[in-house]
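A.B. asks: A single structure is presented below for examination.
Bear in mind that the values in this text are calculations on the coordinates, not laboratory data. Keep in mind that this is a model prediction, so the values were computed, not measured. Ideal geometry is used to build each Cβ from the backbone, glycine not excepted, and the neighbour counts take in all protein chains shown.
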Amino acid sequence: MSADEPVIETQGLVKMFGKFKALDGLDLSVAKGEVHGFLGPNGAGKSTTIRVLLGLLKANGGTARLLGGDPWSDVVELHKRLAYVPGDVALWPSMSGGEAIDLLGSLRGGLDDARRAELVERFELDPTKRGRQYSKGNRQKVAIVAALASNVELLILDEPTSGLDPLMENVFQEVLGEAKDRGTTVLLSSHILSEVETLADRLSIIRAGKIVETGTLASMRGKARTTVHATMTRIPVATDLAGLHDVQLDGNKLAATVDANGIGDAMALLTPYGLEALTVAPPSLESLFLRLYENDADAVGTR
Amino acid sequence: MSAPVVGAPLLLRTSIKHEARSFAPWIAIATVLSASSVLVYPWVFPTEADREGLATLVGSNPALGLIFGPAFDVSTADGFNAWRTLALGGLLTALGAIFVVTKATRGQEDSGQAELLASGVLGRSSRLLTAVAMGLIMSIIVGIVAAVVTLLCGGGTEATLLLCATYTATGWMGTGFAAVTSQLGAEARASSSMAVGVMGVLFILRGFTYSVEAADWALWINPLAWMTETKPAVENNWWPLWLAVALTLVLLVVAFALQARRDFGQGAIAPAPGPARGRARTPLALALKLNRGTLIVWATGFAVLGVVFGYFTTAITDLLAGDSGIGQVLASGAQSPADVFGAFVATVVNLIGIFASIACVQIILRVRKEEMDDRVEPLIATPTSRARYYASNVVVAMGAAVAFLVIAGVIVAGFASSADIGVTYGQAFGQALATIPAVWTVIAVAVAVVGARPKVSIAAWAGVLLSFGLTLLGPTFGLDDWVLAISPFYHVPAVATSTVEWAGLGVVFLVGAALVTVGFAGFRRRDLATT
Ligand SMILES: Nc1ncnc2c1ncn2[C@@H]1O[C@H](COP(=O)(O)OP(=O)(O)OP(=O)(O)O)[C@@H](O)[C@H]1O
Ligand SMILES: [Mg+2]
């Protein structure tokens, strides 16, 4: 694998479950050393993509490359270089968390004992409880510790923090930051926008089995519209406001959205009416994703 | 309606709607067992002479009695049916009830389903009441369906009704045991294993006490022997059924008392904290660890089975002395005593082999359960190849088969060689070793099913079912040799007889190897179950 070849690359990936097309021509690319956010509504196909990348499911069409190899046929070689955290961790009822960590670590070719101890400490995990006695968040921690305690090139994380409390969420973000500093590539599927905002260099958004948007957060923000709230001394005529979107006029109060590169024009348009108060808010992450997740085709940007 | 059982009727209705399908196999097996007996009997044994021949055959192989209990009278279709199905039909109904009850109680708690239910408007005891009702209802349906179909096939009225009532009664007792063990085990599996274990012990003891003609009290302390004492088609005693009803009631009272004190999702036996560091670091170590409890219990079981069956071989000469069946065979000179006893030891060891295959098929089916519970996924996501993961479990199952047969074989051989029946220690122990390839092949059926066609994982039992049916029932039905030869145990040579033929065993081994190959190829190629 050459230095600039993507760590993960899929082209036109298709996965059918019977007649249902869970992945419908998925193109995903994750570069070396980046944390790649993987977002999308429930049932969009995130976990399915990850399972294909792990060689747990066999794709029906398209190609997938992982760390320069084929995820289906080169399983053993590839899995020596990656670690995985599922979104819903099932532990062995008769085994303690510590035993599960050691088992998974040993199967992966050994753990960094010092880092294992440190992670157990930082995540405040009691390793002597048995499978069913762990709470949801603590089960999740077992899998996170097992994955992060081994030295791997690639981490594949499927909603790793579902169920973690905010304190532990912070610890997770710190720990993942350190992994990134070591040069680890991360594919991070998540529904927690702030987590993605903090950690991800780039992100891909999947909907109905297809990637609908990919890029840096800044570039996605650039394609979204800024919200403008203005109070004016004179009431504008609606027809004059053609350059604005989603206009809501309530007396002399105006709410509207403008394209990211149209803020100047909007100011020029509104100033003649005598601005009394003005707020210009960059698009919130929530609104950005809500639009991307929605089903209509004319969401943000071009498809 | 009193508070603790609020919502039970509604829950029962929905549960039955969803679970009715799981009743079907148990209803079907008991019905087929019973109806086929009366249907086939007049064809296979049309004349008086044939029927006497059957009595001789049954009498001359007392090992059969260990499973089927005593043959009071096999000269009528109903008597034959009672001998052939009373023990098995009841046991199977009880097993069905145990699985239904355990699934509706602890199974639901383990999967989290029960939490959703318990948070609804539902009294504390409603879920247990529903589970118990399902077990009781299923047993009743088994009895009714089996009775109706058997009557239509020409069964005698009273004998058939009584026989099928014993199925239901045994199912009720199984429900009672399962209701109690569901309150004890740490999880669903432990709970059902306990109940199945109790049933298994009672079953073997019944066969043993009848076969060695033990004292009466030994019969009356065994609830399964109560069922045999109804003697359908011979004496038609109905009153022992009341004992079963009474026992069921007592067990249910105990179960409800225990469940009132039990915490949700936990058994009375709480697990201690585990070690902070783990020692199981390979798939093989994991497979051993996960199956350790079951392996120990089964190994103990096989030691006990070795003693029971071994003791039985020492009793055989006495048993046969007064028995006309074997006397005739010996007197006619058709077979030498060595051949008869050699064949007898082979039958006993075959039985042990079939039990061993039940235990080992369970180990293979556990792989599917682990997969469905999402516990295989994280393992396969490590550099462990699918083949290595699967192989670890297959090795444990195959190794367990060897261990079980060696344990039972050592003990049986000890008894047999001291029994003065012309069988040496080496021959009897060799018999146990010679049975291993047959057991492996039965396991291989499960390996193929779980590996290649996991959706029909129930088919993993096909090998056990065929072996059991053909080895034990085939000869009494006068089936052709080529049909009997489908059972791998048919090819196990009787080591202590004069005609020892090893070639068949080689074929059995090759078939097993082919099935294992199919299983591994399938496991490597298919999608892992996802939820
Ligand atoms: N084994 C399966 N059989 C049939 N359909 C499946 C199977 N596994 C997944 N699907 C379907 O494929 C689609 C994608 O599922 P997937 O689990 O990948 O979604 P996801 O993006 O991970 O969703 P979430 O955010 O809820 O985790 C869903 O519609 C799901 O119902
Ligand atoms: Mg998912």
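A.B. asks: Relative to a virtual label point 7 Å from the Cα of residue B:517 in the Cα→beta-carbon direction, which members of the range B:390-422 show backbone nitrogen distances below 18 Å?
C.D. replies: Within reach of a label on residue B:517: B:391.
A.B. asks: Could I ask something else about it? Determine the sum of side-chain charges near residue A:146: Lys and Arg each +1, Asp and Glu each -1, restricted to other residues whose C-beta is under 9 angstrom from that of residue A:146.
C.D. replies: Cβ neighbours under 9 Å give a net charge of +1.
A.B. asks: Neighbouring Cβ atoms within 10 Å as the yardstick, rank B:239, B:298 fewest first.
C.D. replies: Lowest to highest Cβ neighbour count: B:239, B:298.
A.B. asks: In a shell of Cβ-Cβ distance under 15 Å around residue B:254, excluding residue B:254 itself, what net charge do Lys and Arg (+1) and Asp and Glu (-1) give?
C.D. replies: Net of charged neighbours comes to +2.
A.B. asks: If you split all Cα-Cα distances of the protein assembly as shown into 10 Å bins from zero, what percentages do you get per bin, shortest first?
C.D. replies: Here the calculated profile for the protein assembly as shown is 2, 11, 18, 19, 17, 13, 9, 5, 3, 2, 1, 0, 0.
A.B. asks: How large is ³J(HN,Hα), in whole Hz, for each residue of the range B:123-129 in order, when computed from phi with the Karplus curve 6.51 cos²θ - 1.76 cosθ + 1.60 and θ = phi - 60°, using x for Gly and Pro?
C.D. replies: x, 4, 9, 5, 5, 5, 4
A.B. asks: Answer rounded, prolate or oblate for chain B, using the Cα gyration tensor with square roots of eigenvalues a ≥ b ≥ c: rounded when a/c is under 1.5, else prolate when a/b is larger than b/c, else oblate.
C.D. replies: oblate
A.B. asks: For the pair residue B:410/residue B:124, report the inter-label distance in nm, with labels modelled 7 Å from Cα in the Cβ direction.
C.D. replies: So the two model labels end up 4.9 nm from each other.
A.B. asks: Would you mind counting up the charge near residue A:68? Only other residues with Cβ under 15 Å from its Cβ, with Lys and Arg at +1 and Asp and Glu at -1.
C.D. replies: -3
A.B. asks: Shielding by partners for B:382-393, please: the mean number of other protein chain Cβ atoms within 10 Å of each residue's Cβ.
C.D. replies: The per-residue average across the peptide is 4.
A.B. asks: Next up: Return, ordered by residue number, the residues of the range A:104-124 whose backbone nitrogen is under 20 Å from a label point located 7 Å along Cα→Cβ of residue A:170.
C.D. replies: A:118-124
A.B. asks: Counting helices only, and only those DSSP H runs with n ≥ 4, report the 222 nm mean residue ellipticity of chain B as the sum of -39,500 (n - 2.57) divided by its residues, in deg cm²/dmol to the nearest 500.
C.D. replies: After summing the helix terms and dividing by residue count, I get -24500 deg cm²/dmol.
A.B. asks: Length gain on complete extension for the stretch residue A:240 to residue A:284, per 0.36 nm per residue less the alpha carbon to alpha carbon distance?
C.D. replies: Answer, rounded to one decimal: 13.1 nm.
A.B. asks: At 222 nm, what value in deg cm²/dmol follows for chain A if DSSP H runs of at least 4 each add -39500 (n - 2.57) and the sum is divided by all its residues, to the nearest 500?
C.D. replies: -9000 deg cm²/dmol, from helical runs alone.
A.B. asks: In straight Cα distance, which lysines are under 25 Å from residue A:19, not counting same-chain residues fewer than 8 positions off?
C.D. replies: Excluding near neighbours in sequence, the set is A:46, A:58, A:210, B:455.
A.B. asks: A further question on this structure: With springs connecting C-alpha atoms under 10 Å apart, model chain A as a Gaussian network and identify which of A:59, A:242, A:146 has the largest mean-square fluctuation.
C.D. replies: Most flexible of the set in this elastic network: A:242.
A.B. asks: Multiplying the sequence separation of residue B:32 and residue B:261 by 0.36 nm and subtracting their Cα-Cα distance, what value in nm do you get?
C.D. replies: Taking 0.36 nm per residue and subtracting the Cα distance, the gain is 78.3 nm.
A.B. asks: If you don't mind, another one. How many nm is it between the label spots at residue B:76 and residue A:113, if each spot is 7 Å from the Cα in line with the beta carbon?
C.D. replies: Going from the residue B:76 label point to the residue A:113 one covers 7.7 nm.
A.B. asks: Once you've got the GNM for chain A with C-alpha springs shorter than 10 Å, pick whichever of A:128, A:49, A:271 has the biggest mean-square fluctuation.
C.D. replies: A:271
A.B. asks: Using a basic spin-label model with each label point 7 Å from the Cα along Cα→Cβ, how many nm lie between residue B:484 and residue A:231?
C.D. replies: A separation of 10.2 nm, rounded to one decimal place.
A.B. asks: In addition: Work out how much length residue A:252 to residue A:194 would gain on full extension: take 0.36 nm times their residue separation and subtract the Cα-Cα distance, in nm to one decimal.
C.D. replies: 17.4 nm
A.B. asks: Right, another one. Given R₀ = 30 Å, what would the calculated FRET efficiency be for residue B:19 paired with residue B:529, taking r from the Cβ atoms and rounding to 0.05?
C.D. replies: E between residue B:19 and residue B:529, to the nearest 0.05, is 0.90.
A.B. asks: On to the next question. Can you put A:226, A:10, A:231, A:279 in order of Cβ neighbours within 10 angstrom, beginning with the fewest?
C.D. replies: A:279, A:231, A:226, A:10
A.B. asks: Further question: Which of A:247, A:212, A:14 ends up with the largest GNM mean-square fluctuation for chain A, with Cα atoms connected below 10 Å?
C.D. replies: Highest fluctuation of the listed residues: A:247.
A.B. asks: Starting with the fewest neighbours, write out B:357, B:211, A:162 ranked by other beta-carbon atoms found within 10 Å of each beta-carbon.
C.D. replies: Sorted ascending by nearby Cβ count, the order is A:162, B:211, B:357.
A.B. asks: For residue A:218 and residue A:271, FRET efficiency with R0 = 41 Å and r from the beta-carbon atoms, rounded to 0.05?
C.D. replies: After rounding, the FRET efficiency stands at 0.90.
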